[in-house]
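The values are calculated or read from the model by the stated rules, or taken from the named source; none is laboratory data. Please read these numbers as outputs of a predicted model, since none were measured by experiment. All Cβ positions, even for glycine, are placed from backbone atoms using ideal geometry, and neighbour counts span all protein chains on display. Surface accessibility is based on the protein's heavy atoms, side chains included, excluding ligands, DNA and RNA. Shrake-Rupley method; radii C 1.70, N 1.55, O 1.52, S 1.80 Å.
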Amino acid sequence: MNPIRKQRLYALVAILIGSLLATWLVISALSENMNLFYSPTEIKVAQLNENTLIRAGGMVKTGSIIKDTNSLNVVFTVTDYQNDLKINYEGILPDLFAENAGVVVRGNLNTDGSFKAIEVLAKHDENYMPPEVAKLMQEDS
Amino acid sequence: MHSSIFDSLSIILKRDLMIAFRRSSTYITPLIFFLIVVTFFPLALGPQESLLSSLAPGVIWIAALLASLLAVETIFSEDFRDGTLDDFFISLEPSFILVFAKVTIHWLITGLPILAASSIAAIILYLPLDSFIPMLLSLLLGTSFMSLLGALGAALALGKSAILSAIIVLPFSVPTLLMGTSVITSSLNNQDFSGFLMIMGAMLALGIPGLCLLTVEALLLNYE
Amino acid sequence: MIKKWLIEMGSPPLFYKWSTKTLPWLFISAILILGIGLSWGLLFAPTDYKQGDVYRILYIHVPSAILGQSIFMFMAFCGFINVIWRAKISGMMLKSAAPIGVSFTLLALVTGSIWGKPTWGTWWVWDARLTSTLILFFIYAALIGLHSTIEDKTKADRAVSILSIVGLAIIPVIKKSVDWWQTLHQPSTFTITSSPSMSPDMYQPLLLCLVGFYLFFALLLTLNLRNEILERERTRNWVKQLLGVSS
Amino acid sequence: MLPNLKVENLSCVRSDKSIFDDVSFDVLPGHNIEIIGSNGSGKTTLLRTLLGLITQDRGEIVWLDDAGKYHNYRTFECLYQGHQLGIKNLLTVFENLNITKHAKGMSQEDIYKHLERVGLSNVNELASNISVGQRKRIAMAKWLLKEFKIYFIDEPFSALDDTATLLIEKLIKELNVKGCSFVITGHRPSGIEATRVEI
């Protein structure tokens, strides 16, 4: 066979085998749980080390925000509607932080199972609408 | 034809390993560099055990990445200068297989020593013993990919400054860094880390043929 | 056959002549659509129920982020053609697109940062989208840096082409890996699968802005490419005739 | 007798400058081609183009296969010796010859014989410690490892003393008798019997 064609054939075969192997590996990898971002349920299931810094997230539970009047301390509960996680935080909260809003907290677990956050970030959703529309939608629901 | 491919491969491996052993700096330099960088972290951050063990995955991986890119420029530069690189393209064997031999040698003289030194690094950074195996596995896959990537960088920057080849491939090493550290961090948190290893394996599976072929293209540019 | 077609279609003088004709139209449509889209979005679109007027930055942020990625894909496509068929014009296109792509990516990063401060409470977070965009910026920088170190332009084009192909393969991996790593950024406003979750009077100007940005890119690319062609072919007769230099 | 390699109207243009233009020649078995040109006239580029390291802009390069047919790709292994001789500094003279693909299956005595043939006796010296002239002799010894149909040698006669020049001429003549051809380059015509091509 033409050596150039032969070289191309070898290259093609190598690429093909490589991509097949890669595809198989990726598919089996995706079936594993690979999140380093924990929901309250995952935190409960996983036996996490207290010192490891992790990110956790979920929705702020309605009526769970307790702000200390004298300091910047705040305690609130984050939920994924299955399990709750109590969060302690000292610092200024972002504007979008509110009940029923998504948050991401970074910090580590305390020995009592609560979470000590060193950073709180508010997540905002992809829904944009004028105030009137938002009001209407709220009345609907 | 098949036997002649293996002949060419074994000749390159034998020749280059012989040369590497006669010039011990080739495999000692990355090793020492790796250990020095790792040592700097406790010096700079303070010796608290909890802090260091939580930073260990990142520290080990950053040091490994930099160390494996340290000698990347030498993969082809000497062969290009003394004319032995010409043989890659004169012989009738597929050149990308010969490039793969060069990558293998680079891994043997940088990746393997780093792998060996990583155990020392893990001890001085208080990484728990349970995480040693995941660390070694992630470094095995990751440094191999870095050698492949480095070879392409070296081919593209052949004859240019030594640091250029490292700089142009650094942005592409991000997945390796993230996956590698995730493996160790997951094992620290008693989590399953096999998924990350599989992704690293997938990158390697695609990288071996893909990057070797692109490296051939890049090397040919230097003859124009 | 493809090679022959590419060489014929991609002949620099032909492209130059063809672009001279289309340039005014491109210019007018880009300025018009971008102007309408931006002023509609920034001045007349309604305020958001949650974020107020701050959200308006999205009319710049979203298109520039999309452009940053699209241009990279465009470059990798050019790179692929350049490596396989050695079409000269594709190398020049790649080179001309790079500075535009890096500018849009930078613009997306800066506007995102400005948007992040009031809404998230921080200028920068190590979130998946932000991190992968930052790495995209670094990859652009690597490509541009490599091009500048190789004196022979045709060689430089090919070298950058090779690297851009690697970039195309590795960007999905970066995106995916930083996704697993942590997440904060809101999901995409544009999706193929579902209707936009944005009110139509906010969505329409955004679409217009996006089209405007694409046209603006096409305009900049054409201008850049014309310069590149003139510079590289300055010794050729057709350029000398064009510029009125006697040969 | 059919030529092993036919080159027709070969041209190469790089950054708008013609490197060589309209080069044609046939390489018959046992006959030599000498490409003559001054520095920077594209001799090395021409050799690299012939071997497929660079693609030509115009013209044809066709190679004969065992069945007597011509193809536009290389059908047999050749030996190429560029300006850099392909010698590893950290290997000894002997190893430089022994650790090559073409020396496979060859006994040590054979290697010593080839080295002796080109006048090298310091076989265990590292290649970094020997002179330029002696390095050229190592390269010459490589010619003897196998009989190639065509040898492509870039400027074999530069920086050589008289005895080495005579040795090369003798080696080429011997290999010519066995049906091997040489395509060599040089600044001026050398003493070997060859068809001269000026570029």
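Annotations
- Filter pass, B:A20 being open to solvent by less than 30 Å² (accessible area, probe 1.4 Å) and of a type in the set (G, A, S): yes
- Residue check for B:L139: within 14 Å of chain A (Cβ to nearest Cβ), under 17 Å from B:S68 (Cβ atoms) and open to solvent by less than 10 Å² (accessible area, probe 1.4 Å): no
- Matching residues, the range C:112-135, being in a loop (DSSP other than H, G, I, E, B), modelled with pLDDT under 80 and either more than 9 Å from chain A (Cβ to nearest Cβ) or in contact with a Phe, Trp or Tyr (Cβ under 8 Å, 6 or more places away or on another chain) (or both): C:G121, C:W126
- Scanning the range B:58-98 for residues that are open to solvent by 30 Å² or more (accessible area, probe 1.4 Å) and not in a helix (DSSP H, G or I) turns up B:E73, B:L92.
- All told, A:K123 falls short of being modelled with pLDDT under 80, surrounded by fewer than 14 Cβ atoms within 10 Å (Cβ to Cβ) and farther than 23 Å from B:L55 by Cα.
Per-residue answers, yes or no, for (1) in the same structural domain as D:I168 (by TED's automatic domain parsing); (2) among the aliphatic types (A, V, I, L, M); (3) within 17 Å of the chain's Cα centre (by Cα):
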residue	(1), (2), (3)
D:H71	yes, no, no
D:N96	no, no, no
D:A103	no, yes, no
D:N124	no, no, no
D:N129	no, no, no
D:A141	no, yes, yes
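- Boolean, A:M34 is open to solvent by 50 Å² or more (accessible area, probe 1.4 Å) and modelled with pLDDT under 80: no
- Screening C:T47 with (1) buried (at least 18 other Cβ atoms within 10 Å of the Cβ); (2) in contact with an Asp or Glu (Cβ under 6 Å, 6 or more places away or on another chain) gives one miss only, at (1).
- A search for C-beta distances below 6 Å between a residue of the range D:76-87 that is at the interface with chain B (Cβ under 7 Å from one of its Cβ atoms) and any residue that is open to solvent by less than 20 Å² (accessible area, probe 1.4 Å) and small (G, A, S), counting only pairs 6+ apart in sequence or on different chains, returns D:G82/B:G83; D:Q84/B:G83; D:L85/B:G83; D:L85/D:A139; D:G86/B:G83; D:I87/D:A127.
- Among the residues listed as D:S107, D:S131, the single one being within 30 Å of D:S38 (Cα to Cα), polar (S, T, N, Q) and open to solvent by 30 Å² or more (accessible area, probe 1.4 Å): D:S131
- Test for B:I109: is it in a helix (DSSP H, G or I), of a type in the set (V, I, T) and more than 10 Å from every other protein chain (Cβ to nearest Cβ): yes
- Residues of the range D:3-18 that turn out to be farther than 28 Å from D:G191 by Cβ and either surrounded by fewer than 21 Cβ atoms within 10 Å (Cβ to Cβ) or not assigned by TED's automatic domain parsing to the domain that holds D:N72 (or both), as a count: 9
- Strands (runs of 3 or more DSSP E) fully within the range D:26-95 counting 2 or more residues that are aliphatic (A, V, I, L, M): D:32-36, D:58-64
- Of the residues making up the range B:193-205, at least one is surrounded by fewer than 22 Cβ atoms within 10 Å (Cβ to Cβ) and more than 7 Å from every other protein chain (Cβ to nearest Cβ).
- The range D:51-95: number of residues that are open to solvent by less than 20 Å² (accessible area, probe 1.4 Å) and among the charged types (D, E, K, R): 1
- Selected residue (criterion: most open to solvent (accessible area, probe 1.4 Å)) from residues of the range B:150-163 that are in a helix (DSSP H, G or I) and more than 9 Å from every other protein chain (Cβ to nearest Cβ): B:I163
Matching residues to (1) farther than 15 Å from B:L35 by Cα; (2) open to solvent by 40 Å² or more (accessible area, probe 1.4 Å); (3) out of contact with any helix residue (DSSP H, G or I) (no Cβ under 9 Å at 6 or more places or on another chain):
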| site | (1), (2), (3) |
| --- | --- |
| B:I109 | yes, no, no |
| B:P113 | no, no, no |
| B:I120 | no, yes, no |
| B:L125 | no, no, no |
| B:L148 | yes, no, no |
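Yes/no matrix, rows are residues, columns are (1) part of a strand (DSSP E or B); (2) at pLDDT below 80:
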site	(1), (2)
A:E99	no, no
A:V105	yes, no
A:V133	no, yes
A:L136	no, yes
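- If you go through the range C:145-166 and keep only what is more than 7 Å from chain B (Cβ to nearest Cβ), surrounded by fewer than 18 Cβ atoms within 10 Å (Cβ to Cβ) and free of Cβ contacts under 8 Å to residues at least 24 places away in the same chain, you end up with C:S148, C:E151, C:D152.
- Test: residue in the range C:233-244 that is assigned to a helix (DSSP H, G or I), hydrophobic (A, V, I, L, M, F, W, C), touching a helix residue (DSSP H, G or I) at 6+ places or on another chain (Cβ under 7 Å) and modelled with pLDDT under 85: yes
- Test: residue in the range B:164-177 that is at positive phi, within 14 Å of chain C (Cβ to nearest Cβ) and open to solvent by 10 Å² or more (accessible area, probe 1.4 Å): no
- In the range D:25-53, residue nearest to D:K6 (Cα to Cα) [restricted to those that are hydrophobic (A, V, I, L, M, F, W, C) and within 14 Å of chain B (Cβ to nearest Cβ)]: D:L50
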